Amino acid sequence: MSLEFLQFLQTYEKLIYCSLAVVVFFMFYLLKKVITRNLFLLLLKISKHRLNGFFLQLRLSFEQPIQGLILILGVYVSVRIFPYLDQDHVFFMHVIRSSIIFMIGWGLFNLSSSSSLMFTKLNKRFHLKIDSILIPFFSKAIRLIIVAISFSVIAQEFGYDVNGFVAGLGIGGLAFALAAKDALANLFGGIIIITEKPFTIGDWILTPSVEGTVEDISFRSTKIRTFAQALVTVPNATLANESITNWSKMGKRQITFSLRLTYDTSREKVESVVSQIELSLRENNNIHQDTIFVNFDTYKENGLDVFLYFFTKTTDWGDYLKIRESVNLEILDILEREAVSIALPTRKLLIDRDVAANDPFVQQQT
């Protein structure tokens, strides 16, 4: 057998193995979606559909990382099939293991972004009494830990000394703190917000800077949605140093105003209007019964003021406006029944007849 023929057979053998490796890799590439879908269906079947709430988040988080793991496995199997490569090369194995670590970390990172949902469910199921303001912090802290652990494991896989890196951070800690003093102030502001709990997510708050509904609280800032649907991001350090009015913490909403009657209203009519309005409020189930004041209060230059002071049981702005409207309409009915008029800002001019008889301007006007 000639040398040329042996070289031909060797080249042909390499071509076959190379083609086989490429075919195997493409099989993994084409089947990655099918394998991933069947894997999740198997998981759902094993759990007997008890993971329905969590399953969607798990699938969305790990679908692409698992497909990446299948491709990594395809690369590894393809290289193993091809005998003319060093399958046990140190760098190759480092790349394979690091890729697997990266894919697992990627899936956990995606899952931790929805961990607020898990914390909420755990909070309700096991009565952990975790304040909703802490849930976003826990979620972001878990993501940070996952990134740090994944980075350190991959670095150690390639032989880097992570301990030296951490020590270097310690040496430069002072310079970092000075350079990031504003960020640290916002961080401590966030800690103050967590510990003192002046508001939580979903609360309607009013500060000198902004008024609206709290949507998110992060390490650096708090996002507030205004009633004009604008999203305002306020640094935590600013919020921690401002006065905060939390309207959502109200147990009741105040209604107070004065009703001005004309001076020609008799005493009996005034007393009747006051008593009927108070009785109407006492019989209204939407009015807080502990504090109701309806009194003839004071004399004004153009009328008699009846003072009203009471509270609604609801704190919802829309319901509050409806209750206030119904009270106003009931007051109008009472005034109409009693034939009492509301005073208007008018003036009366009294003219002396003797003076008017000698005044040509008054004579001209009359």
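The values are calculated or read from the model by the stated rules, or taken from the named source; none is laboratory data. All of these numbers come straight from a predicted model, not from anything done at the bench. Because the Cβ atoms are built from the backbone with ideal geometry, glycine has one as well, and the counts that use them run over all protein chains shown.
Quick one: what pairs do we get from region 179-200, first residue basic (Lys, Arg), second at pLDDT below 75, C-beta under 8 Å, 6+ apart or different chains?
From region 179-200, the pairs are 197/131; 197/133.
With the condition kept exactly as written, say whether any residue in region 163-176 is modelled with pLDDT of 75 or more and assigned to a loop (DSSP other than H, G, I, E, B).
Looking for residues that are modelled with pLDDT of 75 or more and assigned to a loop (DSSP other than H, G, I, E, B), one finds none in region 163-176, hence no.
For residues that are touching a helix residue (DSSP H, G or I) at 6+ places or on another chain (Cβ under 6 Å) and under 26 Å from residue 265 (Cβ atoms), scanning just region 307-330, find the one that is surrounded by the fewest Cβ atoms within 10 Å (Cβ to Cβ).
330
Using the structure shown, decide if residue 59 is surrounded by 12 or more Cβ atoms within 10 Å (Cβ to Cβ), at pLDDT 75 or above and touching an Asp or Glu at 6+ places or on another chain (Cβ under 9 Å).
Answer is no for this residue.
Please state which one of 54, 91, 119 is within 24 Å of residue 150 (Cβ to Cβ) and modelled with pLDDT of 80 or more.
Details: 54 fails: modelled with pLDDT of 80 or more; 119 fails: modelled with pLDDT of 80 or more.
The match here is 91.
Provide a single number: the residues in region 312-332 that are part of a strand (DSSP E or B) and under 22 Å from residue 272 (Cα atoms).
Number of matching residues: 0.
From the set of residues in region 232-259 that are closer than 16 Å to residue 342 by Cβ and surrounded by fewer than 16 Cβ atoms within 10 Å (Cβ to Cβ), which is farthest from the chain's Cα centre (by Cα)?
Selected residue: 258.
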